[in-house]
Amino acid sequence: MNDTRGYAVFFFPQAVEALGGAIKPYLQGEAGAEHVMCREIDTGGAFIKMIMDGRTPAGDTIELELMVPANMVRMVVSARSEEAFGFGPRTASAAKPAATEPGKTPK
C-alpha cells in the first residue's frame, strides 16, 4: 500500500512576518495561505512541534523538528492519500423494532 500521511500546518500572516527568514525555507503556499507540510505534529504544550523529512546539501535524508508558539498556528489539516476510500458494503443485521409509544415495548 503506497499512501502518504501528514499534516499541513497553516500560520497567521502576522506569524509568518514575525518568524521572518527563519521560517521561509519550510513554507509552501501563497501569501495568506502559507503552511508547512510535516509528517507528525505534537500540539501538547505552549509550542507546536512539527516533524518533517529533509535532505542535507549532500543528499542525505534527515529528520527535522520545527517548533513554533501555538498561538501562531491558524489551522492544522490532516493530509492523506490512500488507495481505498469510502464506504464498504454493509451487512444486514436484525434491527429491533422501535417502540410506538414512549415507555411501551413493541409486541
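The values are calculated or read from the model by the stated rules, or taken from the named source; none is laboratory data. Computed from a prediction, not measured in an experiment: that's the story for all the values here. Quick reminder, even Gly has a Cβ in these numbers, built from the backbone with ideal geometry, and neighbours come from all protein chains shown.
Taken over segment 59-94, the criterion of being more than 18 Å from Ala8 (Cβ to Cβ), modelled with pLDDT of 90 or more and among the basic types (Lys, Arg) is satisfied by no residue.
Going residue by residue through segment 41-58, is there one that turns out to be among the aliphatic types (A, V, I, L, M), modelled with pLDDT under 90 and surrounded by 10 or more Cβ atoms within 10 Å (Cβ to Cβ)?
no
Would you check which residues across segment 10-40 are surrounded by 14 or more Cβ atoms within 10 Å (Cβ to Cβ) and assigned to a strand (DSSP E or B) and list them? Those that are surrounded by 14 or more Cβ atoms within 10 Å (Cβ to Cβ) and assigned to a strand (DSSP E or B): Phe10, Phe11, His35, Val36, Met37, Cys38. Of all residues in segment 69-81, those that are in a strand (DSSP E or B) have Cβ atoms under 6 Å from Cβ atoms of residues that are acidic (Asp, Glu), 6 or more apart or on another chain, in Ser81/Asp3. Contact map, segment 39-65: first residue under 20 Å from Val76 (Cβ atoms), second residue hydroxyl-bearing (Ser, Thr, Tyr) and modelled with pLDDT of 90 or more, Cβ cut-off under 6 Å, separation 6 or more or different chains; pairs are Ile41/Tyr7.
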